[in-house]
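Beneath this line is the structure, given in C-alpha cells, with notes to follow.
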Amino acid sequence: MKKTNKGFTLTEMVVTMALLAASTAITVPMITGNRGQRDVDRYAHALESGLLNLKAKLGQTKTNCMIAFPSAFSFQNPENLVEFSQGKNGQTSMQCCNSEISKLTNDTDCMNGYPGYRLSELTGKAQDNLRLVQQESTPASKVIRVAVSKKDFGFTPPGTTANLDTITFLICHQRAATTAAPTSCIPNQNKLSIGCVQMNGAGEITKGTWALANETSPMSSGSCKKV
C-alpha cells in the first residue's frame with residue numbers, strides 16, 4: 001500500500017503565522033516592560049545602598065552635610081541630580097563639614113563647608129569622598145530618571161539631633177516619561193511603576209513604590225509605599 005506524506009496546507013500555515021504574530025505582539029511588550037522595571041528597581045537599590053553607605057561614613061567621621069537640589073519633583077537624568085562625578089552645570093550642591101574640614105579650610109564655624117564629593121582633594125584620602133550613589137554611570141542610569149521631593153535636606157551623623165524632615169528619591173524609567181514634558185513621569189505608563197527611596201531625619205531608609213491617590217493627583221501628593 002502506497003504511503004503519502006501530508007504537508008501543511010496554505011490555510012494552516014496562515015493560521016499558524018497569525019498565532020505566532022499575536023503571541024509575539026503580547027510577549028514582546030511584557031518582556032520590554034519587565035526589563036524597564038528591573039532597571040528602575042536596580043537603580044533604587046543603588047540609591048538605597050548609597051544612602052546607607054553615606055550614613056555610615058557620616059557617623060564614622062562626625063560629618064554634617066547640607067544638600068541642595070536644582071528642583072523638586074522634576075525628573076532629571078541621574079548625572080544632573082544625584083551623580084556627582086559628571087561635573088555638569090546645575091549639578092546638586094553638597095556642602096559638608098566636620099572638625100577636620102573646618103581646620104583644613106580655616107572655616108571655624110563651618111559656615112561654608114566643602115563639597116562632599118571632592119573631599120579627597122582636601123584630605124588627600126580618596127575614601128573620604130561622599131556620594132549619594134556609589135557606582136555612577138551604570139547601564140541602568142542611562143535609561144532612568146530621578147526626582148527628589150524637596151530642594152534642600154540636611155544629612156547628620158546617626159545619634160545626633162534628628163532632622164525632622166524627610167526626603168524621597170523617585171525613580172522612573174524613561175519610557176514612563178511624558179512626551180510633552182520630559183521632566184514628568186506617569187505612574188504605570190507602559191506598565192512601569194515609579195520606585196522610591198525615602199530617608200527621614202533619623203536616618204531610617206524605606207524603599208518602595210510611589211503611590212498616588214488617583215491618576216489625576218499631582219506627583220507631590222503621593223507617598224512611598226514599602227514593598
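Just so you know, all these numbers are worked out from the coordinates, no wet-lab data involved. In this text the structure is predicted, and so the values were computed from the model without any measurement. Counting neighbours? That spans all protein chains shown, and the Cβs are built from the backbone with ideal geometry, glycine included.
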Magnitude of the charge dipole, the stretch 59-118, Cβ model with Lys/Arg +1 and Asp/Glu -1, debye to 20: 40 debye
All aspartates and glutamates inside 19 Å of Lys125 as judged from Cα atoms, apart from same-chain residues fewer than 8 positions distant: Glu100
Derived scalar couplings ³J(HN,Hα) [the stretch 115-132; Karplus, 6.51 cos²θ - 1.76 cosθ + 1.60; whole Hz; x for Gly, Pro]: x, x, 7, 10, 4, 4, 5, 8, 8, x, 10, 4, 6, 7, 4, 10, 9, 7
For Leu130, distant residues with modelled amide H under 5 Å away: Tyr117, Arg118, Leu119
Ranked Met199, Met219, criterion: other C-beta atoms within 10 Å, fewest first: Met219, Met199
Bins of 10 Å from zero: percent of alpha-carbon pairs in the stretch 96-227: 11, 32, 31, 19, 8, 0
Computed FRET value (nearest 0.05) for Leu122 with Thr166, which takes r as the C-beta separation and R₀ as 35 Å: 0.70
Set of aspartates and glutamates near Lys151 by C-alpha distance (under 13 Å), chain-local residues within fewer than 8 positions excluded: Asp165
Relative contact order (%) - the stretch 73-209, alpha-carbon pairs under 8 angstrom, separation at least six: 21 percent
Ala68-Lys150 pseudo-label distance in nm [points 7 Å out on the Cα-to-Cβ vector]: 1.6 nm
